[in-house]
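Participant: Before we start, here is the structure in question, set down as structure tokens.
The values are calculated or read from the model by the stated rules, or taken from the named source; none is laboratory data. Just so it is clear, the structure is predicted and the values come from calculations on it, not from any experiment. All Cβ positions, even for glycine, are placed from backbone atoms using ideal geometry, and neighbour counts span all protein chains on display.
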Ligand SMILES: Nc1ncnc2c1ncn2[C@@H]1O[C@H](COP(=O)(O)OP(=O)(O)OP(=O)(O)O)[C@@H](O)[C@H]1O
Ligand SMILES: [Mg+2]
């Protein structure tokens, strides 16, 4: 069984991972994937591919989707990775009850060539900047809705600064986000949606700090671990980092759609590097041996599996028959009710009499009163019930 690794320029984590997996004695070989032209529906040799770079190489992303279709397990799922972005993540986290800085998604400043005013008729113009600023507050962070590598991230202190940076953002969709004046910042590795490594981090110097010298209150750390697992369970990522800015004891989730997080030994430092390499190697081997193919998570899988497709069409047939029968019964009931109503309203109105008088009359001439005393269909069925 083989595990393929798809990499960019990083050169410490992938070789360490390959060495670790190959030394585990599990009968699984890890190696770099080699790809040429990709044929439609063509299966590849790998039980699992670990993707570190398809966010930068669209050809790889397409190759990986095709690999999923053909039964390969891909970590992380390239379809979800294609769909998610920071702003969606913030909205999801709010619904999960996590602490998230107030965030507003802004219409782009610029558009690709060919987009004219006419194409933008759905956009409110001018934008109500005052209400957005009031909502988020100042200072604030202006950053891409789908960014990475700390690119195009600005801290703005005033409306003028906000406009001045916004004017430079071109075709990027940006978010304006509440600035969290944090006392501590942590980056958490999450592997297999269950193993969490909380790493204190110094964003100003872009440096990971030691856990020993930067201890967290145990309750706060528990919450951070819980929030990290919840985020990854819901987003579905098998490998991800979640960043929290901690202010007044509250961990605010800042950045958590990082499906190929930095794992370089020179940046994360050796103790964290070893933890990451071991946990990821174990996860990949475990998934290769026991996990279901990634395609099982997708709607179209049902249509590829003949048995399932037949089962589905049989079920659809039964459902259609039930529906037809149900509609027939309803129609019958409706026509019964209607005929009762018609019968009731077309019956001659009988002048009201006292019970005694009617009885007397009935007694005196039963044949004459036969019609007037005949129970309606409704009364009959009421009696039956
Ligand atoms: N709401 C915020 N409040 C305070 N600081 C923030 C906030 N959002 C971002 N920052 C700062 O900006 C940095 C980069 O932001 P973010 O992580 O969202 O962008 P990124 O492009 O994903 O960067 P990276 O790749 O370094 O993680 C954070 O490490 C943090 O220091
Ligand atoms: Mg970040």
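Participant: Any residue at all in segment 215-226 that is within 14 Å of ligand 2 (Cβ to nearest atom), in contact with a helix residue (DSSP H, G or I) (Cβ under 8 Å, 6 or more places away or on another chain) and outside the structural domain of residue 48 (by TED's automatic domain parsing)?
Facilitator: No, the conditions are met nowhere in segment 215-226.
Participant: Restricting to segment 149-187, and then to whatever is within 26 Å of the chain's Cα centre (by Cα) and outside any loop (DSSP other than H, G, I, E, B), can you tell me which residue is nearest to ligand 2 (Cβ to nearest atom)?
Facilitator: Checked segment 149-187; the qualifying residue nearest to ligand 2 (Cβ to nearest atom) is 187.
Participant: May I pose another question? As an exercise: evaluate residue 201 against (1) out of contact with any helix residue (DSSP H, G or I) (no Cβ under 9 Å at 6 or more places or on another chain); (2) over 30 Å from residue 278 (Cα atoms) and give the number of the one condition it does not meet.
Facilitator: Going through the list (1) out of contact with any helix residue (DSSP H, G or I) (no Cβ under 9 Å at 6 or more places or on another chain); (2) over 30 Å from residue 278 (Cα atoms), residue 201 breaks only (2).
Participant: Moving on to the next point. Hey, among the residues in segment 131-148 that are part of a strand (DSSP E or B) and within 13 Å of ligand 2 (Cβ to nearest atom), which one's surrounded by the most Cβ atoms within 10 Å (Cβ to Cβ)?
Facilitator: Among those residues, the one meeting the criterion is 143.
Participant: If residue 233 satisfies every condition in (1) surrounded by fewer than 20 Cβ atoms within 10 Å (Cβ to Cβ); (2) within 13 Å of ligand 1 (Cβ to nearest atom); (3) closer than 20 Å to residue 51 by Cα but one, which is the exception?
Facilitator: (2)
Participant: Name the single residue, out of those in segment 240-271 being more than 16 Å from ligand 2 (Cβ to nearest atom) and in a helix (DSSP H, G or I), that is surrounded by the most Cβ atoms within 10 Å (Cβ to Cβ).
Facilitator: Among those residues, the one meeting the criterion is 265.
Participant: Only residues that are more than 25 Å from residue 81 (Cβ to Cβ) and more than 10 Å from ligand 1 (Cβ to nearest atom): list them for segment 240-271, please.
Facilitator: Hits for segment 240-271 are 246, 248, 249, 250, 266, 269, 270, 271.
Participant: Please state which of the following conditions residue 91 fails to meet, knowing it meets all the rest: (1) surrounded by fewer than 18 Cβ atoms within 10 Å (Cβ to Cβ); (2) at pLDDT 95 or above; (3) more than 22 Å from the chain's Cα centre (by Cα).
Facilitator: Of (1) surrounded by fewer than 18 Cβ atoms within 10 Å (Cβ to Cβ); (2) at pLDDT 95 or above; (3) more than 22 Å from the chain's Cα centre (by Cα), only one is false for residue 91: (3).
Participant: Check off (1) in contact with a strand residue (DSSP E or B) (Cβ under 8 Å, 6 or more places away or on another chain); (2) within 13 Å of ligand 1 (Cβ to nearest atom) for residue 204 and give me the number that stays unchecked.
Facilitator: With respect to (1) in contact with a strand residue (DSSP E or B) (Cβ under 8 Å, 6 or more places away or on another chain); (2) within 13 Å of ligand 1 (Cβ to nearest atom), residue 204 is out only on (1).
Participant: Looking only at segment 89-113, how many residues end up being within 16 Å of ligand 2 (Cβ to nearest atom), in a helix (DSSP H, G or I) and closer than 27 Å to residue 164 by Cα?
Facilitator: 2
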